[in-house]
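Peer 1: Please find one structure pasted underneath; my questions will follow.
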């Protein structure tokens, strides 16, 4: 498989999101690696953060990415990458489901580590969703897939600033504290500038990502966006769907039960309501998990209407996840969903 490398400097979050959408719709036999930076201060929500009443300002931009996972800082001082594949196993097999969902990040992050270690940067992936240098957080990774099978593996690295910036950004845009996040103290984070003594340029960083992922590809070519591609991406960025994207996973205040449970990726909130007959009448899953949108929608639909018993709820989930296209990563086991629902309801 050929790998195409695209470098984009100081593009807006909306154009970045539109670029990922465009390539997820058009990717065929050539994988696309985007390495890019965004200007200003940016807070990037995960796909399933239930956001309400966020106060975006002239100083801080709020965006929502396509993949799930934690809320992270972005913008000036960070470098980002997006790897778009025709399916999640494309570099390893013709079988789209050759890689199990829990293997996808590990297999692809190895290439990021390889590229940076070749330049003397000792990146480490301890698992889950963080990248570290000497056990200090320096980056994050996440992934998702579309109903057509196309996959997006994405993440970022702190270059000039670090992840201790996040609480200050959240104080600006979310003073009510509706978005849960892990607090990372300055002693627990680092940046590429701290490690190397000077920040690498976007050109240098692109070469490191390219060097790492080139080991998976048969051939590798650097190619900027064509004029036609730029036009398509601009239309996507200014479409009605793009404008509504930030509010696409709203807080469901109509659901009276809102229990949250800690997970290895952060937290999972389960909003639900119950009928007089003790069946689930509505359900919303939100928080720091990784799953395709069609899986989350199908899971919420499958559980709604079920009686409040562990066997009934577990059976509905088991039936859904018989299909290899569906996955839900975050909790140590999916049984936590029915257990949390029943506990919150007092059963």
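Peer 1: For the range 230-263, how many residues are out of contact with any strand residue (DSSP E or B) (no Cβ under 9 Å at 6 or more places or on another chain) and crowded, with 16+ Cβ neighbours inside 10 Å?
Peer 2: 5
Peer 1: Yes or no: residue 221 touching a strand residue (DSSP E or B) at 6+ places or on another chain (Cβ under 6 Å) and surrounded by fewer than 16 Cβ atoms within 10 Å (Cβ to Cβ)?
Peer 2: yes
Peer 1: Report, by residue number, each residue of the range 208-230 that is in contact (Cβ under 8 Å) with a residue 12 or more places away in the chain and assigned to a helix (DSSP H, G or I).
Peer 2: Scanning the range 208-230 gives 208, 209, 210, 211, 212, 213, 214, 229.
Peer 1: Any idea which of (1) outside any loop (DSSP other than H, G, I, E, B); (2) closer than 25 Å to residue 148 by Cα; (3) touching a helix residue (DSSP H, G or I) at 6+ places or on another chain (Cβ under 9 Å) is the one residue 24 doesn't satisfy?
Peer 2: Unmet for residue 24, out of (1) outside any loop (DSSP other than H, G, I, E, B); (2) closer than 25 Å to residue 148 by Cα; (3) touching a helix residue (DSSP H, G or I) at 6+ places or on another chain (Cβ under 9 Å): (3).
Peer 1: Still on this structure, I have one more. Applying the selection to the range 196-246, what residues are at positive phi and under 23 Å from the mean Cα position of the chain (by Cα)?
Peer 2: Passing the criteria: none in range.
Peer 1: Name the single residue that is modelled with the lowest pLDDT among those in the range 164-191 being surrounded by 14 or more Cβ atoms within 10 Å (Cβ to Cβ) and farther than 19 Å from residue 287 by Cα.
Peer 2: 172
Peer 1: Moving on to the next point. Grab the helices (runs of 4 or more DSSP H) fully contained in the range 291-347, keeping just those with 2 or more residues being touching a residue at least 40 places away in the same chain (Cβ under 8 Å).
Peer 2: Counting at least 2 such residues, we get 293-303, 336-345.
Peer 1: Let me ask you something else. Residues in the range 263-278: is at least one over 25 Å from residue 141 (Cβ atoms), assigned by TED's automatic domain parsing to the domain that holds residue 65, out of contact with any helix residue (DSSP H, G or I) (no Cβ under 6 Å at 6 or more places or on another chain) and assigned to a loop (DSSP other than H, G, I, E, B)?
Peer 2: No.
Peer 1: Where residues in the range 303-313 are crowded, with 17+ Cβ neighbours inside 10 Å and out of contact with any strand residue (DSSP E or B) (no Cβ under 6 Å at 6 or more places or on another chain), which of them is farthest from residue 24 (Cα to Cα)?
Peer 2: Here the answer is 308.
Peer 1: Please work out if residue 286 is surrounded by fewer than 17 Cβ atoms within 10 Å (Cβ to Cβ) and closer than 30 Å to residue 338 by Cβ.
Peer 2: Against the criterion (surrounded by fewer than 17 Cβ atoms within 10 Å (Cβ to Cβ) and closer than 30 Å to residue 338 by Cβ), residue 286 does not qualify.
Peer 1: Still on this structure, I have one more. When you scan the range 112-140, how many residues do you find that are under 19 Å from residue 214 (Cβ atoms) and buried (at least 21 other Cβ atoms within 10 Å of the Cβ)?
Peer 2: Of the residues in that region, 4 qualify.
Peer 1: Another question about this same structure. Working only within the range 75-95, note down all residues that are surrounded by fewer than 18 Cβ atoms within 10 Å (Cβ to Cβ) and either closer than 28 Å to residue 28 by Cβ or at pLDDT below 95 (or both).
Peer 2: Listed by number, the residues that qualify are 92, 93, 94, 95.
The values are calculated or read from the model by the stated rules, or taken from the named source; none is laboratory data. All of these numbers come straight from a predicted model, not from anything done at the bench. Virtual Cβ from ideal backbone geometry, glycine too; neighbours counted across all protein chains shown.
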